[in-house]
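Heads up: the structure comes next, in structure tokens.
The values are calculated or read from the model by the stated rules, or taken from the named source; none is laboratory data. These numbers come from a predicted model, not from an experiment. No Cβ is skipped: glycine too gets one built from the backbone with ideal geometry, and neighbour counts run over all protein chains shown. Just the protein is used for accessible areas: all its heavy atoms, side chains included, with ligands, DNA and RNA removed. Shrake-Rupley method; radii C 1.70, N 1.55, O 1.52, S 1.80 Å.
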Amino acid sequence: SRVVVRSRLAALLEQRWQRRLVTIVGGPGFGKTSLLSSAIASQDSALRVDCWLACEPADATREHLAAGIAAALGSRSSADVASICDAVLDRAPALVCLVLDDVHEIPSESDGAELLTRLLTDLPGNVGFVKKLEAEIVRGAILKNGKRIDGRTTTQVRPIEAMVGLRIVQIAVQ
């Protein structure tokens, strides 16, 4: 198969090291996973660590998702928020990026989604997230329960980096 090199998008994805949350949104087959894989494969710094988790329906439970994140971080301890935070701190001074592929597999009102929201606020400053979502899932969650994927309501403001249709735009919700 032929690989399409997206050097401009890969360069923009390097900003994951300066952001708390980066979201890649696009329809099926747009190359979101390929873009992430390429960016991670080209990472050559020991002070920047990508930890990948392919989300699945079982990640709707807090326990399953926590165990998956802990395993992605290389932790063998119990899978709770405190041990996940410890696993991230153990990697300091390295920056850690948790790459959550197919996070739309986690229902927005599940214990797994609640865990993700808590991790976004509780994890140490050396960690960021990249979430790959299908566009219709993101819009559906906002319309259904009035909350965004990072747990903010439609009136809370936090600048985030978002890729829509594989183009990065800077947004702030007003």
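Some points to look at:
- Taking region 1-16 as the range and being more than 25 Å from Arg91 (Cα to Cα) and open to solvent by 50 Å² or more (accessible area, probe 1.4 Å) as the test, the residues that pass are Ser1, Arg2, Val3, Val4, Val5, Arg6, Ser7, Arg8.
- Only one of the numbered conditions (1) open to solvent by less than 50 Å² (accessible area, probe 1.4 Å); (2) within 18 Å of Phe129 (Cβ to Cβ); (3) in a loop (DSSP other than H, G, I, E, B) is not met by Arg19, and that is (1).
- For region 57-74, the condition of being under 26 Å from Asp111 (Cβ atoms), in a loop (DSSP other than H, G, I, E, B) and at pLDDT below 85 holds for none of the residues.
- Filter result (out of contact with any helix residue (DSSP H, G or I) (no Cβ under 8 Å at 6 or more places or on another chain) and not hydrophobic (A, V, I, L, M, F, W, C)) within region 35-62: Ser37, Gln43, Asp44, Ser45
- Count of region 59-74 residues which are surrounded by fewer than 17 Cβ atoms within 10 Å (Cβ to Cβ) and of a type outside the set (A, V, I, L, M, F, W, C): 3
- Within region 59-117, the set of residues being charged (D, E, K, R), within 22 Å of Arg19 (Cα to Cα) and out of contact with any Cys (no Cβ under 7 Å at 6 or more places or on another chain) comprises Asp86, Asp90, Arg91, Glu114.
- Scope region 75-98; condition surrounded by fewer than 16 Cβ atoms within 10 Å (Cβ to Cβ), assigned to a loop (DSSP other than H, G, I, E, B) and of a type in the set (A, V, I, L, M, F, W, C); matching residues: Ala92, Ala94
- Among the residues listed as Val96, Val130, the single one being closer than 19 Å to Val81 by Cα and modelled with pLDDT under 75: Val130
- Considering region 78-109, the residues that are over 17 Å from the mean Cα position of the chain (by Cα) and touching a residue at least 24 places away in the same chain (Cβ under 8 Å) include one that is nearest to Gln15 (Cα to Cα), namely Ala94.
- Gln43 being polar (S, T, N, Q), over 14 Å from the mean Cα position of the chain (by Cα) and open to solvent by less than 80 Å² (accessible area, probe 1.4 Å): yes
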